[in-house]
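Data block below; observations after.
The values are calculated or read from the model by the stated rules, or taken from the named source; none is laboratory data. Worth saying up front: this structure is predicted, and the values here are computed from it rather than measured. Cβ: placed from backbone, ideal geometry, glycine included. Neighbour counts: every protein chain shown.
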Amino acid sequence: MKSIVDGMVVKGKAVRNALVAVFALVVGAAMPSFAAEVPFCALRFGYRFTQPDKWPEMRAALEKNRQAFDEVWFSTGVSFPSLAWHEEHARQCAKAADDLRKLGIIPSIELQTIIGHTDDIVGSGDCSGQDWGTMVSADGLAAKHVSCPRDPKLIAYFVRVSELHAAWKPGSVWVDDDMSYRNRAPVRKPGNRLAGCFCDTCIAGFSRAEGKTWERAALAQAIRSDAAMRKRWDDYSCAGMGELTRAIAAAVHRISPQTVMGYQYGSQLQPAIPRGLYDGSGHPVRLRPGAAAYWDTDPYDQLDKAYLLQTKLHGVHGEKWIEACCPEIESCPRTFACRTAQGIILEAFENLALGMDFLSMFVADARTDETADFYADGLFPRLAEAHAFLQGYHAANGGTRPCGFSVPNGRPAKLVACRGVPIVSATGRSLGPLPDIASIRVRMAGSGEVNVHSPLYQTRVMQIVSSTGLTNFYARCDRAAGGKTPIMFESAVRAFAMPRVRDDGSLATVAIVNASIDRQEPVTVCLRGVPADAKAAVWHQPEADDVEIALVRDGADARVRLPRIGAWECGYLSFK
């Protein structure tokens, strides 16, 4: 049954949820082929949840909240236990995988430690299986646990671990971000600044490649002083990691040819590492960049992170060895006071708005004393309720790109993207450079010289700008775009707005987040590029009914009055 409220038609969530799958299929026809194959939302958790004393409660929580997740990533843990331990763990994962398949959830696994995150993290667990060499710094400091990626014993160990888990045919196998070209403690030191392993094996291999015998100190000095030498060393070091990932992927592929490989990374992407996964498996690789922001204490940090993750993907979109990309959505620790369901939903929505293809959530962990009820009755139900909203938004964006103003490095200063002006990352469709923030007239406390182009200054301006100053800036932005800004607020807002446009420039969706602790009262927006045959707009929010809103045409423009949006709530417009 429909009802009319303030000129808006409200439709039940049940109707929307029933149509999401059909809508995804229709839109997916215009999307890359992976769209129908990549699970939309994955839950990642630690190895303890697959052990017999913990799995029943997690299985029950997932069954109770079946709509929350499409895939689950198991884990091998953070240490180097014996291969006998891995054999037993693989049996436990196989049983849990069968349980998940009965629920319609795809089971996958993460090799959470390969080289090692740090000596302290690896050493916190069982390292009885480690019998290989460790990484050595440029000044000769040997790690206790962080491993040399070229050691044949390390490679053989993880080939066997990969074979054990490939036997239960995981949907995907993920390599964690300890496989990255940056040194880990204790090898990483402030004065070192040289990544890579300087153990005797690695130096000997580099010497053979160079046709010259190097000693550690002389090699380090040459790398520091010669840019060409530095590049050759970096390429050699990354190639060693690529050889390791190739061996892992080949081991998985021999036993489970359909399993897809994935790579999680936190620092700058080194393509040799995921290319090894591609070469070893023959399948395009899934990527998951990460960058902290694990708490809800400052929601702006999570939006800032969403932009940062896009910079970590710049230059690799369209590569044949990439299938799809997802953001790191994580809490650390995974406890009641760390993250809320609302914060997780917002971060997921913002990342989808900026260009991610699917979602990964590390929000459950049995290593803390958090109760099972927190997940089963507190966190997962909210995520299950929001799943259709997020997936519907993703489907509606098929074949589109984010559209807005561009900023240097594709990452706006904090708060700048939360004042109603659409700003895209480097992977979006640009309306041109964002007009100078310094042009906004504000009254600053204090005196002295200030760098008006610094992120700190720009953030400060957006903290104290008046409503008049902001609406004047909207007009200036629109003039800079030749009157083609896809969305223009007709009064000042504290909101993140991201339009998605098709190749012909027509508007598909507009994402909006009320980036404020106050509610956003109804506000009129001017839209450009609304399809000519659109008769109405539809406002979608998680855990709420869809709302149909009248479109008022004015030549090429269309106006819509958005409903009230609660504090730190999100929604999007689509068009009928």
Can you pull out the residues in the stretch 232-259 that are assigned to a helix (DSSP H, G or I), among the hydroxyl-bearing types (Ser, Thr, Tyr) and under 23 Å from the mean Cα position of the chain (by Cα)? 245
Please go through the stretch 286-325 and give me each residue that is assigned to a loop (DSSP other than H, G, I, E, B) and of a type in the set (Gly, Ala, Ser), ordered by number. 290, 291, 292, 293, 315, 318
Yes/no for residue 241 being under 15 Å from residue 324 (Cα atoms) and among the aliphatic types (A, V, I, L, M): no
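Quick grid of which residues meet (1) more than 17 Å from residue 44 (Cβ to Cβ); (2) of a type in the set (A, V, I, L, M, F, W, C); (3) in contact with a strand residue (DSSP E or B) (Cβ under 8 Å, 6 or more places away or on another chain):
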residue	(1), (2), (3)
73	no, yes, yes
94	yes, yes, no
113	no, no, no
121	no, yes, no
128	yes, no, no
131	yes, no, no
148	yes, yes, yes
If we ask which residues in the stretch 62-75 are within 28 Å of residue 162 (Cβ to Cβ) and more than 21 Å from the chain's Cα centre (by Cα), their number turns out to be 1
Note on the stretch 335-370: residues free of Cβ contacts under 8 Å to residues at least 60 places away in the same chain and among the basic types (Lys, Arg) are 339
Does residue 228 count as surrounded by fewer than 17 Cβ atoms within 10 Å (Cβ to Cβ), more than 21 Å from residue 263 (Cβ to Cβ) and more than 29 Å from the chain's Cα centre (by Cα)? yes
Hey, does the stretch 403-412 have a residue that's in contact (Cβ under 8 Å) with a residue 40 or more places away in the chain and surrounded by fewer than 19 Cβ atoms within 10 Å (Cβ to Cβ)? yes
Return a yes/no flag: does the stretch 314-321 have any residue that is touching a strand residue (DSSP E or B) at 6+ places or on another chain (Cβ under 8 Å) and modelled with pLDDT of 90 or more. yes
Scanning for something assigned to a strand (DSSP E or B), modelled with pLDDT of 90 or more and in contact with a Gly (Cβ under 9 Å, 6 or more places away or on another chain), does the stretch 50-72 turn up at least one residue? yes
Does the stretch 39-61 hold any residues that are buried (at least 16 other Cβ atoms within 10 Å of the Cβ) and either without any contact (Cβ under 8 Å) to a residue 24 or more places away in the chain or within 22 Å of the chain's Cα centre (by Cα) (or both), and which are they? 39, 40, 41, 42, 43, 44, 45, 46, 47
Would you say residue 262 is part of a helix (DSSP H, G or I), touching a Lys or Arg at 6+ places or on another chain (Cβ under 9 Å) and either buried (at least 16 other Cβ atoms within 10 Å of the Cβ) or of a type in the set (Val, Ile, Thr) (or both)? no
Please verify whether residue 339 is farther than 16 Å from residue 62 by Cβ, buried (at least 23 other Cβ atoms within 10 Å of the Cβ) and in contact with an Asp or Glu (Cβ under 7 Å, 6 or more places away or on another chain), treating the condition exactly as stated. yes
Exactly one of 139, 126 is assigned to a loop (DSSP other than H, G, I, E, B) and farther than 30 Å from residue 223 by Cα, and that one is 126
Can you name the residue in the stretch 350-377 that is touching a Pro at 6+ places or on another chain (Cβ under 9 Å) and surrounded by fewer than 19 Cβ atoms within 10 Å (Cβ to Cβ) and, of all such residues, is modelled with the lowest pLDDT? 367
Determine whether residue 144 is free of Cβ contacts under 8 Å to residues at least 60 places away in the same chain, more than 29 Å from the chain's Cα centre (by Cα), surrounded by fewer than 22 Cβ atoms within 10 Å (Cβ to Cβ) and not in a strand (DSSP E or B). no
Right, residue 344: in a helix (DSSP H, G or I) and either of a type in the set (Val, Ile, Thr) or under 18 Å from the mean Cα position of the chain (by Cα) (or both) or not? yes
With respect to the numbered conditions (1) in contact with a His (Cβ under 8 Å, 6 or more places away or on another chain); (2) surrounded by fewer than 20 Cβ atoms within 10 Å (Cβ to Cβ); (3) of a type in the set (Gly, Ala, Ser), which one is the sole condition not fulfilled by residue 398? (1)
Step by step: first the residues of the stretch 376-419, then only those that are out of contact with any strand residue (DSSP E or B) (no Cβ under 8 Å at 6 or more places or on another chain), among the charged types (D, E, K, R) and not in a helix (DSSP H, G or I), then the one that is nearest to residue 360 (Cα to Cα). Which residue is that? 411
Can you name every residue in the stretch 388-400 that is of a type outside the set (S, T, N, Q) and at pLDDT 95 or above? 388, 389, 390, 392, 393, 394, 395, 396
Any idea how many residues of the stretch 492-509 are in contact with a strand residue (DSSP E or B) (Cβ under 8 Å, 6 or more places away or on another chain) and within 12 Å of residue 421 (Cα to Cα)? 7
Quick one: in the stretch 76-91, of everything that is assigned to a loop (DSSP other than H, G, I, E, B), under 23 Å from residue 263 (Cα atoms) and of a type outside the set (Val, Ile, Thr), which residue is nearest to the chain's Cα centre (by Cα)? 77
Could you tell me which residue of the stretch 149-195 is surrounded by the fewest Cβ atoms within 10 Å (Cβ to Cβ), considering only residues that are in contact with a Phe, Trp or Tyr (Cβ under 7 Å, 6 or more places away or on another chain) and not aromatic (Phe, Trp, Tyr)? 153
Select from the stretch 517-533 the residues that are buried (at least 17 other Cβ atoms within 10 Å of the Cβ) and not basic (Lys, Arg) and list them in ascending order. 520, 523, 525, 526, 527, 529, 530
When only residues in the stretch 275-296 that are touching a Cys at 6+ places or on another chain (Cβ under 9 Å) and among the aliphatic types (A, V, I, L, M) count, which is surrounded by the most Cβ atoms within 10 Å (Cβ to Cβ)? 287
Looking at (1) of a type outside the set (A, V, I, L, M, F, W, C); (2) surrounded by 17 or more Cβ atoms within 10 Å (Cβ to Cβ); (3) within 30 Å of residue 194 (Cβ to Cβ), which is the one condition that is false for residue 124? (2)
